Amino acid sequence: MNILDNLKYSKEHEWVKVEGNIAIIGITDFAQSELGDLVYVEVDTIGDTIEKDEIFGTVEAVKTTSDLYMPISGKVIEFNSEIDENEGDNPSIINSDPYGVGWIIKVEMSDASEIDDLMSAEEYKSFID
């Protein structure tokens with residue numbers, strides 16, 4: 001299971017990478033492996049300010065659909081065009097590269113201190129073991 005040290009993790013299996021006031025968010029390698037082959041990702045919250053722990057979208061795999069939860073509060077400013085059905089329409093890149101090209105959204109953070117509430121790589125590893 002791939003868990004990167006430079007990211008923060010939520011109990012709902014989202015990861016967060018902070019770049020200034022922007023948070024890049026995706027689902028973890030563990031989450032994508034549990035879901036299986038992803039066939040669709042829906043994010044209809046572009047431009048919306050979403051509070052921490054609220055749903056910002058869904059991922060659909062061959063056998064299940066799962067909600068995506070905001071690990072931090074903020075305004076959704078971008079949905080990855082590679083996985084958007086209206087553009088690249090390739091959600092399977094989340095399966096092959098969940099921490100790289102498979103990111104899902106970018107968020108302008110409302111409260112950067114919420115990052116401190118997320119798990120480190122070591123804590124996340126213990127959480128899923």
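The numbers here are math on the coordinates, done by the rules we state, and not lab data. The structure displayed is predicted, hence computed values, not measured ones. Using ideal geometry, Cβ is built from the backbone for each residue, glycine included, and neighbour counts are taken over all protein chains shown.
See the values below:
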item: Spin-label pair ALA121/LYS75, simplified geometry with 7 Å Cα→Cβ offset, distance in nm; result: 3.3
item: Residues ASP89 and LYS11, FRET efficiency given R0 of 22 Å [Cβ-Cβ distance, rounded to 0.05]; result: 0.15
item: Value of Rg/Rh across the chain [Cα atoms, Kirkwood radius]; result: 0.93
item: Mean projected area (nm²) of the alpha-carbon convex hull when region 1-55 is viewed from all directions; result: 4.8
item: Spatially near lysine pairs across the chain, Cα under 25 Å, sequence gap of 8 or more or different chains; result: 19
item: Distance (nanometres) between label positions extended 7 Å along Cα→Cβ at ILE22 and GLU54; result: 2.2
item: Magnitude of the charge dipole, region 8-112, Cβ model with Lys/Arg +1 and Asp/Glu -1, debye to 20; result: 380
